[in-house]
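I have placed the structure first, in the form of C-alpha cells, so that the comments after it can refer back to it.
No value in this document is a laboratory result; all are computed from the given coordinates. Computed from a predicted model, the values in this text were never measured in an experiment. Ideal geometry is used to build each Cβ from the backbone, glycine not excepted, and the neighbour counts take in all protein chains shown.
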Amino acid sequence: MRVTTRLCERFGVDHPILNAPMGGGDAPGALAAAVSEGGGLGMIGGTTVGGVDWLRAEIAVARERTDRPFGVGVITHLPGADELTRAALDEGARVIAHSFGDPTPYVDAAHAAGALVLCQVRSVDEARRAADAGVDVVTAQGTEAGGHTGTTATLPLLPAVVDAVAPLPVLAAGGIADGRGIAAALLLGADGVWLGTAFLATPEAAIAPGYKERVLASGTDDTVLTEVFDLAAGIPWPDGVAGRSIRNRFTDRWHGDEEALRAWAVEHRDELRAEHEDPETIPLYAGPAAQFVTRSEPAADVVRRLAAEAAEVLETRPRRLLRDVAPDEGGDPACWAHAVDEDGRLG
Ligand SMILES: Cc1cc2nc3c(=O)[nH]c(=O)nc-3n(C[C@H](O)[C@H](O)[C@H](O)COP(=O)(O)O)c2cc1C
C-alpha cells in the first residue's frame with residue numbers, strides 16, 4: 001500500500017514528501033538528490049553566501065547523483081533572488097519555490113521554462129495572494145516549523161489555506177517528522193508535506209556536527225521563536241517572521257534582551273559571522289518535530305520510512321476509529337453505561 005496524491009504525478013515522484021529548501025547551505029545538491037532517490041522531491045536551498053556559483057555547482061552535484069526530478073528554493077525578499085531564480089531555470093530545475101516574498105515577478109518566466117512554482121506562506125491572506133499570483137502549489141507553514149516562520153500553528157493554518165486556495169494543491173510544513181504527522185496533514189487536506197527538521201540529522205544535510213547532535217538530543221520543549229540571530233546578523237525579515245531555533249547559550253542570553261543585543265551586535269558582528277561550528281553560538285534552526293528525529297539516517301531512507309509509516313497509519317487508524325452505526329442508533333449503550341450514574345447523570 002502506498003500513499004499517492006495528485007502532486008505525485010505533477011512532480012513525477014513516488015511519495016508526496018519534499019525536503020524543505022533550507023538556505024545557508026544546509027540543503028545542498030547531495031540532500032536534494034538523496035530525497036529524490038528515496039522517491040520524494042528533493043529541494044536545494046538556493047539562498048547562500050555562495051550565490052549563483054554555489055547554486056550551479058550544487059545543481060550539478062544533484063544531477064550527477066540522480067536522474068529524478070528535484071527543485072530549488074529561494075528566499076525571495078533577500079538580495080540575489082532574481083539571479084538565483086534565473087540560474088535555477090537555466091540549469092533546468094523543474095520546480096522553483098519562493099518564500100518570504102512576493103512570487104508574482106517569477107511566475108511567468110518559470111512557466112515559460114516549463115517549471116512549477118511553489119510558494120511558502122504563513123497566513124491565509126498570503127496564501128490568497130500567492131494563488132492570485134498564479135503559483136501552482138502553496139506550502140502552508142505553521143509556527144512549529146524550524147527556521148524562519150510565522151506565528152499561526154499548522155493545525156488551524158493548513159485547512160484554512162486548503163479552503164482559501166482550493167483547488168490549488170497545498171503542502172503542509174511545520175511540526176511534521178513522522179508518519180502520523182504526514183497522515184494527519186493529508187487528512188487535513190494537504191496533498192503533500194515539506195519537511196525540514198526531519199532531514200537535519202541525515203548525513204546529506206550540510207550542518208555542523210554539533211548542530212546535528214543537538215537536533216538528535218532535542219524534543220518538543222527545546223525550541224524558541226526568536227529574532228536574536230537576525231538582529232545579530234543584521235538581516236531583515238518580513239514583519240511577523242522570526243527564526244525557530246533550538247535554545248542555546250546565545251538565545252538564553254539575548255532572547256528578551258533584544259535592545260541590548262542590537263548595540264552589542266554592532267561591535268561583534270564580524271566574529272559572529274566567522275563562527276560556523278559552536279552550537280552554543282550559532283542558530284540551531286529546528287522545530288519541535290526534532291522529538292521524532294532520534295538517529296542519523298540517510299535521507300533516502302527517511303523518505304521511504306516516513307512514506308511507509310504514513311501508509312500504515314492511514315490504512316489502520318481511521319478504520320479503528322469508525323464503526324457502522326444503525327440509522328436509529330444514537331450511541332453505544334455499552335459506552336454510556338460506564339459514563340452515567342443510576343440517575344442518568346454524566347459521571
Ligand atoms: C535549518 C533550516 C533552514 C531553513 N531555511 C529555509 C529557507 O532558506 N527557506 C525557506 O523557505 N524555509 C526555510 N526553512 C523552513 C522550512 O522551509 C520549513 O518550513 C520547515 O523546516 C518546516 O518545519 P519542520 O522543520 O518542522 O519540518 C528552514 C528550516 C530549517 C530547519
For this session: Mind telling me which of the residues 64, 37 ends up being surrounded by fewer than 24 Cβ atoms within 10 Å (Cβ to Cβ) and within 22 Å of residue 179 (Cα to Cα)?
Result: 37
Exercise. Taking only pairs six or more apart or across chains, which ones have beta-carbon atoms under 6 Å, a first residue in region 66-83 that is in contact (Cβ under 8 Å) with a residue 60 or more places away in the chain, and a second residue that is of a type outside the set (A, V, I, L, M, F, W, C) and surrounded by fewer than 19 Cβ atoms within 10 Å (Cβ to Cβ)?
Worked result: 77/101
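This table checks each residue for (1) within 24 Å of residue 193 (Cβ to Cβ); (2) part of a helix (DSSP H, G or I); (3) within 15 Å of the ligand (Cβ to nearest atom).
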site	(1), (2), (3)
32	yes, yes, yes
49	no, no, yes
57	no, yes, no
61	no, yes, no
68	yes, no, no
71	yes, no, yes
89	no, yes, no
Exercise. Do you know which of the residues in region 285-324 that are of a type in the set (Ser, Thr, Tyr) and not in a loop (DSSP other than H, G, I, E, B) is nearest to residue 185 (Cα to Cα)?
Worked result: 316
For this session: Answer with yes or no whether residue 179 is buried (at least 20 other Cβ atoms within 10 Å of the Cβ) and out of contact with any strand residue (DSSP E or B) (no Cβ under 6 Å at 6 or more places or on another chain).
Result: yes
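So, residue 210, is that one within 13 Å of the ligand (Cβ to nearest atom), surrounded by 14 or more Cβ atoms within 10 Å (Cβ to Cβ) and not polar (S, T, N, Q) or not? Walk me through it before giving the result.
Values: within 13 Å of the ligand (Cβ to nearest atom): no; surrounded by 14 or more Cβ atoms within 10 Å (Cβ to Cβ): yes; not polar (S, T, N, Q): yes.
Taking the combined requirement at face value, the residue does not satisfy it.
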Exercise. Tell me, which residue of region 11-27 that is over 11 Å from residue 307 (Cα atoms) and either away from the ligand (no atom under 15 Å from the Cβ) or among the β-branched types (Val, Ile, Thr) (or both) is surrounded by the most Cβ atoms within 10 Å (Cβ to Cβ)?
Worked result: 11
Exercise. What number goes with the only condition from (1) surrounded by 15 or more Cβ atoms within 10 Å (Cβ to Cβ); (2) in contact (Cβ under 8 Å) with a residue 60 or more places away in the chain that residue 231 does not pass?
Worked result: (2)
